[in-house]
Amino acid sequence: MIETLAAEAREVTDDLSPADLLATIKASRDLENTEAARQLALAARWADLHPPESIHTAASFTVPGSQHEEPIAGDGAPPVAVFCCAELGTTLGITTTAAKKLVGHALELRHRLPRLWAQVHAGAVPAWRARAIADTTIHSTPPLTVEAAGFVDAQVAAVAGRIGTAQLDRLVAETIKRYDLATADPTQDPEDGYLAVDPRHVTVDTDDVHYAGTLRIEAEVDLADALDLDRALAHHAATQQALGSLLPLDARRAKALGDLARTQTALDLLTGGPGQDRVSSGADEPGLPAARAVVIHAHFDASFSGDTTVFGPTGRMENGQRLVLLEQIQSWCADTRTEITIKPVIDLNTQLTAQAYKIPADIREQVQLRDRTCVFPRCTRPARRCDVDHIIAYDHDADAEGRPQPGPTTTSNLACLCRFHHRLKTHSPWRYEMTAPGVFEWTSPHGHRYRRDHTGTTDLDPPDPPDLAVPPGLPRPRRR
């Protein structure tokens, strides 16, 4: 189907002149912006259908861990029943967190940034830009009041949303000063206009791994810290060169940053310069932490050649399910004072069973290795940070009453669920079953069915597509 559509698209575009092609691309982008704006309106309507009042219909008490109301936008926007974001996310093919963000942005725009909301649906501001502004006003520190958000809305709307990140930060800082919001925090100086929004951060982009096995780090730090870090990196890079490193300067500085992260302040064979004594590596000195205080779960295929174990050139890291080179793992382990622990191989096809409700360490490890992540559709939280759930609930009274246990603690009845989706499964109509080892089928409250396995999430016999006619009260797509 996809190949057919791609071939038809090529046939259409091959006949277009350059001018017609540009016009077609622009029309496609206009349609994309129109549908993105409509999606925001539909997300807001979904929130309207799931207010906090929809949570408890038959009882006035709550069970610990059950659904609760959650404000996902700023002050003045209505809260929602938080479980509703899960089904919206699976329908859209995104995570629950991304769906919650979509609904939060829609409510923020509609209730606290109404001018920008109107401009989005008039086609003057693209939805992605409006969502970026809404995200900033939602997560402002200190929080923006309704009046302060209205001021930001008026200023942004005056320029039709053409505002960059730096300008928006300055606008929010000025708003905080104008409305005396910083005085609520005793650590903030009310005369400090732009410092009310602290720009410092260190961001490690773990979602974008280069083919060479590197990650991008972005940081905004204090001036003195930045200068100290620069001097430390320059010193370590020069030390590596003196020890014979042939890496370029940028690579040596990057390696030095890793050494600093591991508190590895002394290297083997390090000398202070001509005529100075050799400095000990400190390997036997008490009080120094291991060079690499980090746990890496890597899996490689192996075969035997005589008495020799031969590993494949590539493997998989559990965190993020990323490929890793055997050569890279070897270089990490060869560094100074690295602690290495090798765990025995666990057969994922063996059925392990325990007699009690508590899950033993060996069964937990097997389930985590099998599932890799939370098994809810679209969720990517690593299995080692998840709960291990009894798919069919364990009956604590079965043994005492002489009944067979309906939900035994066995591999075929256990699955990894992050805490949110564990609560969702326990306290909502969502249901799932394991159809094969590591393969799960989920059914949503509205009858949508999904298969979750190692390849990802697949929609199963989705309901008939709804009528695309625009519901009353929602903006209609603009026709060009």
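A few remarks follow.
- Residue within segment 417-440 that is part of a strand (DSSP E or B), assigned by TED's automatic domain parsing to the domain that holds residue 360 and at positive phi present: no
- Annotation: residue 60 fulfils all but one of (1) at pLDDT below 90; (2) of a type in the set (Gly, Ala, Ser); (3) in a helix (DSSP H, G or I); the unmet one is (3).
- Which numbered condition residue 411 fails, given (1) under 16 Å from residue 86 (Cβ atoms); (2) touching a residue at least 40 places away in the same chain (Cβ under 8 Å); (3) surrounded by 12 or more Cβ atoms within 10 Å (Cβ to Cβ): (1)
- Residue within segment 462-472 that is charged (D, E, K, R) and modelled with pLDDT of 90 or more present: no
- Of residues in segment 18-57 being loosely packed, with under 15 Cβ neighbours inside 10 Å and not in a helix (DSSP H, G or I), the one modelled with the lowest pLDDT: 57
- Residues in segment 89-109 that are surrounded by fewer than 24 Cβ atoms within 10 Å (Cβ to Cβ) and over 17 Å from the mean Cα position of the chain (by Cα): 1 in all.
- Condition met for residue 401 (under 23 Å from residue 356 (Cβ atoms), without any contact (Cβ under 8 Å) to a residue 60 or more places away in the chain and charged (D, E, K, R)): yes
- Restricting segment 148-185 to residues that are surrounded by 14 or more Cβ atoms within 10 Å (Cβ to Cβ) and of a type in the set (Asp, Glu), the residue that is farthest from residue 117 (Cα to Cα) is 174.
Matching residues to (1) over 27 Å from the mean Cα position of the chain (by Cα); (2) modelled with pLDDT of 90 or more:
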{"position": "348", "(1), (2)": "yes, no"}
{"position": "354", "(1), (2)": "yes, yes"}
{"position": "368", "(1), (2)": "no, yes"}
{"position": "376", "(1), (2)": "no, yes"}
{"position": "383", "(1), (2)": "no, yes"}
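- One residue stands out among those in segment 177-231 that are of a type in the set (Val, Ile, Thr) and modelled with pLDDT of 80 or more: the one that is farthest from residue 140 (Cα to Cα), which is 214.
- Screening 128, 117 for residues that are surrounded by fewer than 20 Cβ atoms within 10 Å (Cβ to Cβ) and among the aromatic types (Phe, Trp, Tyr) leaves exactly one candidate, 128.
The values are calculated or read from the model by the stated rules, or taken from the named source; none is laboratory data. Every value quoted in this text rests on a predicted model; they were computed, and no experiment measured them. Backbone-built Cβ (ideal geometry, glycine too); neighbour counts: all protein chains shown.
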